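Working notes, beginning with the structure itself.
The values are calculated or read from the model by the stated rules, or taken from the named source; none is laboratory data. Note that this is a predicted model, so its numbers are computed, not measured. Ideal geometry is used to build each Cβ from the backbone, glycine not excepted, and the neighbour counts take in all protein chains shown.
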Amino acid sequence: MIAFIIVAALVVLVGATVLVRRRSRRSVSPRVRAAMPEVLVRDVQPRPDLGDVASLERRLGSSRSVFERVRSLSGVGSLGEDQLAVVEEVLLRSDVGVTTTNEILADLREHGAPNGVARSLRASLLSSLGADRSVRSSASDDRVPVWLFVGVNGVGKTTSIGKLAQRLVNEGRSVTLAAGDTFRAAAAEQLEQWAKRTGADIVRANEGADPGSVVHDALGRARARGSDIVLADTAGRRSNSTNLLDELAKIRRVADREPGEVVETFMVLDATTGQNALSQAREFLAAAAVTGIVLTKLDGTARGGIVVAIERELGIPVKFVGIGEGVDDLIVFDPQHFVDSLLDA
Ligand SMILES: Nc1nc2c(ncn2[C@@H]2O[C@H](COP(=O)(O)OP(=O)(O)O)[C@@H](O)[C@H]2O)c(=O)[nH]1
Ligand SMILES: [Mg+2]
């Protein structure tokens, strides 16, 4: 009898645990979501997930070595011209940009470095990186949220979509990919590989098809299958082709129409192109109503300071950064970890 009671109690306990787990894993239905308070629905603060600073330091090795000379400056208090010259050279080499560099130097001249140069620089860089980085992943009403990805060829749009799909799937969301780069067949094939790898659903069409209708179909399918989000790839031939910008505006209109709602438009920029990334970006801004930057290939450049220049010059927050080619190598941009990985001794 006692054995029976114990076994029965165990069965109930295990059953309850499984139920609770299932429930917490299941995504919130659009109806429930619509009834949730606005603040819960609108802005999803991405989990900072940089892991330990040491591993980021390794990935940002080239940028970190530019900052070596600043890390080894030992002065405390007011700084001499020699030390200021070192700071200036380092900031310019890392592509922080002239305006920010001059401001930081003026600040160091005025206030000195009471706790050492690296500490002062850390504070200055952090204050330049104060943007709101929240990422929207839910739509209003009953619509399907869409993340649209724009940017020139080769910057890492398709790869970033694949990495983000994996992240969303890991969080228990169902993802539909829209192969809106119909310029080359290889682009859709590349996205299809990511779909297979991540378990995301994909809608693609033949080479030369209208990207707007691919996105439209993807929304229909996402709605029918109850997908939580659509990630839409686009072609990035030449940023100075008016044609492309018109096409992006059109894709955006389609994606933002019932049943879809564009909740984020990510402009993907390649950090290895340094200041060129900035001029590229400006051409896209007007056409695409960009809400966030995905800055790729930070692992392959000594110009990591470009993050600061981008936010300052474009006024758009860097939300994710790519630090390698692997599926986990796209992380939420966290200014503190970033600055620490450049300046920590
Ligand atoms: N090292 C490195 N390579 C990257 C990163 N992101 C993308 N790539 C590579 O950049 C190349 C172009 O990427 P792709 O996604 O095809 O660019 P797209 O033309 O914008 O779609 C590929 O070889 C990617 O593996 C990154 O963060 N770090
Ligand atoms: Mg691509």
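Condition test on E81, is it modelled with pLDDT of 95 or more and out of contact with any Phe, Trp or Tyr (no Cβ under 7 Å at 6 or more places or on another chain)?
Numbers: modelled with pLDDT of 95 or more: no; out of contact with any Phe, Trp or Tyr (no Cβ under 7 Å at 6 or more places or on another chain): yes.
Answer is no for this residue.
Would you call G151 at pLDDT 95 or above, under 23 Å from A309 (Cβ atoms) and either under 20 Å from the mean Cα position of the chain (by Cα) or surrounded by fewer than 18 Cβ atoms within 10 Å (Cβ to Cβ) (or both)? Outline the logic, then answer.
Numbers: at pLDDT 95 or above: no; under 23 Å from A309 (Cβ atoms): yes; either under 20 Å from the mean Cα position of the chain (by Cα) or surrounded by fewer than 18 Cβ atoms within 10 Å (Cβ to Cβ) (or both): yes.
Criteria not met by G151.
How many residues does region 76-104 hold that are β-branched (V, I, T) and under 12 Å from L125 (Cα atoms)?
Keep residues of region 76-104 that are β-branched (V, I, T), which gives 76, 86-87, 90, 96, 98-101, 104.
Checking which are under 12 Å from L125 (Cα atoms) leaves us with 96, 100-101, 104.
Selection size over region 76-104: 4.
Going residue by residue through region 215-232, is there one that turns out to be within 15 Å of ligand 1 (Cβ to nearest atom) and touching a residue at least 60 places away in the same chain (Cβ under 8 Å)? Even if it seems obvious, please write down each step before you answer.
First pass over region 215-232, keeping only residues within 15 Å of ligand 1 (Cβ to nearest atom): 231-232.
Filter once more, keeping what is touching a residue at least 60 places away in the same chain (Cβ under 8 Å): 231-232.
Among the residues of region 215-232, at least one is within 15 Å of ligand 1 (Cβ to nearest atom) and touching a residue at least 60 places away in the same chain (Cβ under 8 Å), which makes the answer yes.
Check off (1) out of contact with any Phe, Trp or Tyr (no Cβ under 9 Å at 6 or more places or on another chain); (2) not assigned by TED's automatic domain parsing to the domain that holds P211 for D201 and give me the number that stays unchecked.
If we test D201 against (1) out of contact with any Phe, Trp or Tyr (no Cβ under 9 Å at 6 or more places or on another chain); (2) not assigned by TED's automatic domain parsing to the domain that holds P211, just (2) comes out false.
Can you list the helices (runs of 4 or more DSSP H) found entirely within region 112-199 that contain at least 3 residues being within 16 Å of ligand 1 (Cβ to nearest atom)?
Values: elements: 117-128, 157-170, 185-198.
The qualifying helices (runs of 4 or more DSSP H) are 157-170, 185-198.
Picking from G304, G300, G326, which residue would you name as being in the same structural domain as S213 (by TED's automatic domain parsing), within 13 Å of ligand 1 (Cβ to nearest atom) and within 23 Å of A232 (Cα to Cα)?
Values: G304 fails: within 23 Å of A232 (Cα to Cα); G300 fails: within 23 Å of A232 (Cα to Cα).
Of the residues listed, the single one that is in the same structural domain as S213 (by TED's automatic domain parsing), within 13 Å of ligand 1 (Cβ to nearest atom) and within 23 Å of A232 (Cα to Cα) is G326.
Quick test of your reading of the structure: K196 fulfils all but one of (1) at pLDDT 95 or above; (2) surrounded by 15 or more Cβ atoms within 10 Å (Cβ to Cβ); (3) not polar (S, T, N, Q). Name the failing condition by number.
So K196 meets the others, but not (2).
Across region 74-111, what is the number of residues that are under 22 Å from D270 (Cβ atoms) and in a loop (DSSP other than H, G, I, E, B)?
Adding up the residues that qualify gives 4.
Got a number for residues in region 318-338 being more than 14 Å from F149 (Cβ to Cβ), under 12 Å from the mean Cα position of the chain (by Cα) and crowded, with 21+ Cβ neighbours inside 10 Å?
The initial filter retains those residues of region 318-338 that are more than 14 Å from F149 (Cβ to Cβ), namely 318, 321, 323-329, 331-338.
When the remaining residues are screened for being under 12 Å from the mean Cα position of the chain (by Cα), the result is 318, 321, 323, 329, 331-334.
Filter again for crowded, with 21+ Cβ neighbours inside 10 Å, leaving 318, 321, 323, 331, 333.
Result for region 318-338: 5.
Residue check: is R184 at pLDDT below 95, within 16 Å of ligand 2 (Cβ to nearest atom) and over 23 Å from R253 (Cβ atoms)? Walk me through it before giving the result.
Details: at pLDDT below 95: yes; within 16 Å of ligand 2 (Cβ to nearest atom): yes; over 23 Å from R253 (Cβ atoms): yes.
In short, yes.
Taking the criterion of being over 19 Å from S138 (Cβ atoms) and within 13 Å of ligand 2 (Cβ to nearest atom), would at least one residue in region 166-179 satisfy it? Working first, answer last.
Kept after step one, since they are over 19 Å from S138 (Cβ atoms), are these residues of region 166-179: 166, 179.
Narrowing further to those that are within 13 Å of ligand 2 (Cβ to nearest atom): 179.
Scanning region 166-179, I find at least one residue that is over 19 Å from S138 (Cβ atoms) and within 13 Å of ligand 2 (Cβ to nearest atom), so the answer is yes.
Out of the residues in region 200-215 that are over 16 Å from W147 (Cβ atoms) and in a helix (DSSP H, G or I), state the one that is farthest from the chain's Cα centre (by Cα). Even if it seems obvious, please write down each step before you answer.
From region 200-215, those over 16 Å from W147 (Cβ atoms) are 204-210, 212-213; that's our starting set.
This time we only want the ones that are in a helix (DSSP H, G or I), so: 212-213.
Working: G212: 24, S213: 26 Å.
So, considering only residues that are over 16 Å from W147 (Cβ atoms) and in a helix (DSSP H, G or I), the one farthest from the chain's Cα centre (by Cα) is S213.
Quick one: which residue in R221, R253 is of a type in the set (K, R), in contact with a Ser or Thr (Cβ under 7 Å, 6 or more places away or on another chain) and surrounded by fewer than 18 Cβ atoms within 10 Å (Cβ to Cβ)? Step through it out loud before you land on a result.
Details: R253 fails: in contact with a Ser or Thr (Cβ under 7 Å, 6 or more places away or on another chain).
The conditions single out R221.
Taking interchain pairs and intrachain pairs at least six residues apart, which have beta carbon atoms under 8 angstrom, with the first residue in region 313-337 and under 16 Å from S134 (Cβ atoms) and the second within 16 Å of ligand 2 (Cβ to nearest atom) and among the small types (G, A, S)?
Taking only residues 6 or more apart or on different chains, the pairs are F320/S160.
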